[in-house]
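S.K.: Take a look at the following structure, please.
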Amino acid sequence: MKRMIWQWALFILLCLPFPVSAQNSTETERAVLERWRQMSPEERQDLKKRYRRWKSLSPEKKAELRQKLETWRGLAPEQKDSVRRNFRRWRNLSPENRERLRKRWERWSSLPPEQRERLKKRFEKFRSLPPEERREWRRRFHRGQGLTRGERRKLREQLQEKRKERHPKRSPQRRKEQRKRGKDKPAKPKR
């Protein structure tokens, strides 16, 4: 008899949350239905398309999107604003520019982590320059883009010569000569 009472008590306890949940569900359904009624036919059609796309996704892709949604929910409001601004800028790009950026992203993603780190540091260093210096670097870069391979090689050689003049101890030629003579080993400290 006690066992039967416990079973009934457990059954009743398990059933109690369902009416509350059903009541919340009914309120949610009403709110959703009201939103549906307020939508224009175009918005309804768009929502139907999205729903069909969602249903056609694999379980793995759905899980990935749910994870991204959780990440989104965890962002601070200013981070969300930044993502929204970037998304709007992306949508306003021409198809050619989007494709160009996709290719750049693929190239960036394929780089080894060490190289990406070096490039990030260079970029941060560039961003910390005063505006005038940044403009000068951009001007030099764009000027170099119009050069042929031979012209770039010649320019590179000229820059190496200037470096040699400024830092004769560091010149590649001098290091080669020192290696040949065996003088590239550091001197032993005096005791």
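S.K.: As I understand it, the dipole of segment 112-162 uses +1 on the Cβ of Lys and Arg and -1 on the Cβ of Asp and Glu, about the Cα centre. Which of LEU147, TRP137, GLN160 lies farthest toward its positive end?
M.R.: LEU147
S.K.: Please state the charge dipole magnitude for segment 29-77, taken about the Cα centre, from unit charges on C-beta atoms (+1 on K and R, -1 on D and E), reported in debye and rounded to the nearest 20.
M.R.: 180
S.K.: For labels at GLU34 and TRP54 in the simple 7 Å Cα→Cβ model, what's the distance in nm?
M.R.: 2.0
S.K.: Just for the Cα atoms in segment 23-96, what are the lengths along the principal axes, largest first, rounded to whole Å?
M.R.: 44, 29, 29
S.K.: With +1 on each Lys and Arg Cβ and -1 on each Asp and Glu Cβ, and nothing else charged, work out how big the dipole of segment 59-110 is about its Cα centre, in Debye to the nearest 20.
M.R.: 180
S.K.: Only Lys, Arg, Asp and Glu count, each charged at its Cβ (+1, +1, -1, -1), so figure out the dipole size of segment 112-162 about its Cα centre, rounded to 20 debye. Don't skip to the answer; put the middle values down first.
M.R.: On the way: 19 positive and 9 negative charges, 30 e Å.
Taking the Cα centre of segment 112-162 as origin, the dipole is about 140 debye.
S.K.: Please compute the modelled spin-label separation between ASN86 and THR148, points set 7 Å along Cα→Cβ, answer in nm with one decimal.
M.R.: Result for the modelled spin labels: 4.1 nm.
S.K.: For a distance above 13 Å, tell me the whole-number percent of Cα pairs in segment 59-110 that qualify.
M.R.: Tail of P(r) above 13 Å: 71 percent of Cα pairs.
S.K.: Could you please tell me the mean projected area of the C-alpha convex hull for segment 112-162, averaged over all directions and given in square nanometres to one decimal?
M.R.: Value for segment 112-162: 4.8 nm².
S.K.: I would also like to ask the following. Using the charge dipole of segment 59-110 (Lys, Arg: +1 at Cβ; Asp, Glu: -1 at Cβ; taken about the Cα centre), state which of LEU69, SER109, PRO95 has its Cα farthest towards the positive end.
M.R.: My answer, from the dipole projection, is PRO95.
S.K.: For GLU114 and GLU64 in the same chain, what is the full-extension length gain: residue separation times 0.36 nm, less their Cα-Cα distance, in nm?
M.R.: 15.3 nm
No value in this document is a laboratory result; all are computed from the given coordinates. Just so we're clear, the structure is a prediction, and the values are computed from it rather than from any experiment. Heads up, the Cβs are rebuilt from the backbone with ideal geometry, glycines too, and the neighbour counts pull from every protein chain shown.
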